[in-house]
Amino acid sequence: MELNDTTDYQLCFACGQRNPYGLKLVFQLENDTIVSDFRPQAEHQGFPGVIHGGIVATILDEALNRTTMLADVPAWTMTGRLDIRYKRYVPYGPLLRVRAKLEMQRGRMAQASGYVTLAEDENVILAQAHGTFMALSPEMITNLMHENPAMRDFFAPHAQKPSDEVAL
Ligand SMILES: CCCCCCCCCC(=O)SCCNC(=O)CCNC(=O)[C@H](O)C(C)(C)COP(=O)(O)OP(=O)(O)OC[C@H]1O[C@@H](n2cnc3c(N)ncnc32)[C@H](O)[C@@H]1OP(=O)(O)O
């Protein structure tokens, strides 16, 4: 299972390593948990010294979204709903850590939860989230691969099987 896009696309705002404006998140698997560390840059602040809530939301969104790769039927998903509780302000400076877990999968829908802490102190939760994610249809993945050939390797396991293909 590939958690990170290593194709020559890599333009996702959260995880694309070629996106000059992106967060360049890299995900790892620790048992059943998706984990990523992130060091905010000056331009990620809202109030001085405080990481913008939208950036925190992006980190949580992307991490929760990745948990659907851990499902019995792994799937690339669209975020349908994301509920965030900002418990404490996220400081500019220290390394951050996000952890996310898949809670359930039923049909095309999955639910996940996760939280952001300082990497050096995971006891204090700064923000936590719960979300609902809907699997991209095989047809959509097939279209994505058609329009973005560079992403074929990434999406191929989730594309339509030849037997599913509709005769033209
Ligand atoms: C390249 C490297 C990797 C990149 C990863 C990038 C991750 C990016 C994460 C994102 O930012 S995704 C972009 C932000 N999200 C969107 O743009 C989603 C926009 N919304 C949609 O496309 C559709 O509304 C959605 C896919 C979420 C659902 O539409 P569907 O047509 O697939 O579902 P439908 O409306 O038929 O509903 C099917 C079931 O799901 C339920 N459902 C749909 N949307 C829901 C929702 N939001 N929350 C809870 N349940 C939902 C719905 O009630 C229903 O339940 P039942 O079957 O029991 O009737």
Among (1) in a helix (DSSP H, G or I); (2) modelled with pLDDT under 95, the one test that residue 56 misses: (2)
Enumeration of residues in region 50-70 that are under 17 Å from residue 119 (Cα atoms) and open to solvent by 30 Å² or more (accessible area, probe 1.4 Å): 50
Qualifying strands (runs of 3 or more DSSP E) (wholly inside region 74-140; at least 2 residues being among the hydroxyl-bearing types (Ser, Thr, Tyr) and open to solvent by 20 Å² or more (accessible area, probe 1.4 Å)): 77-86, 109-118
Cross-chain or 6+ apart pairs with Cβ under 7 Å, region 16-44 first and assigned to a strand (DSSP E or B) and open to solvent by 70 Å² or more (accessible area, probe 1.4 Å), then away from the ligand (no atom under 16 Å from the Cβ) and hydrophobic (A, V, I, L, M, F, W, C): 28/35
Given (1) modelled with pLDDT under 95; (2) surrounded by fewer than 16 Cβ atoms within 10 Å (Cβ to Cβ), number of the condition residue 10 does not satisfy: (2)
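For residue 102, are the conditions met, namely being more than 10 Å from the ligand (Cβ to nearest atom), over 17 Å from residue 132 (Cβ atoms), modelled with pLDDT of 95 or more and of a type in the set (A, V, I, L, M)? Outline the logic, then answer.
Values: more than 10 Å from the ligand (Cβ to nearest atom): yes; over 17 Å from residue 132 (Cβ atoms): no; modelled with pLDDT of 95 or more: yes; of a type in the set (A, V, I, L, M): yes.
It is false that residue 102 is more than 10 Å from the ligand (Cβ to nearest atom), over 17 Å from residue 132 (Cβ atoms), modelled with pLDDT of 95 or more and of a type in the set (A, V, I, L, M).
The values are calculated or read from the model by the stated rules, or taken from the named source; none is laboratory data. Small disclaimer: the values here were computed from a predicted structure and weren't measured. Neighbour counts run over all protein chains shown; Cβ positions are idealised from the backbone, glycine included. These accessible areas exclude ligands, DNA and RNA; they are computed on the full protein's heavy atoms, side chains included. Shrake-Rupley method; radii C 1.70, N 1.55, O 1.52, S 1.80 Å.
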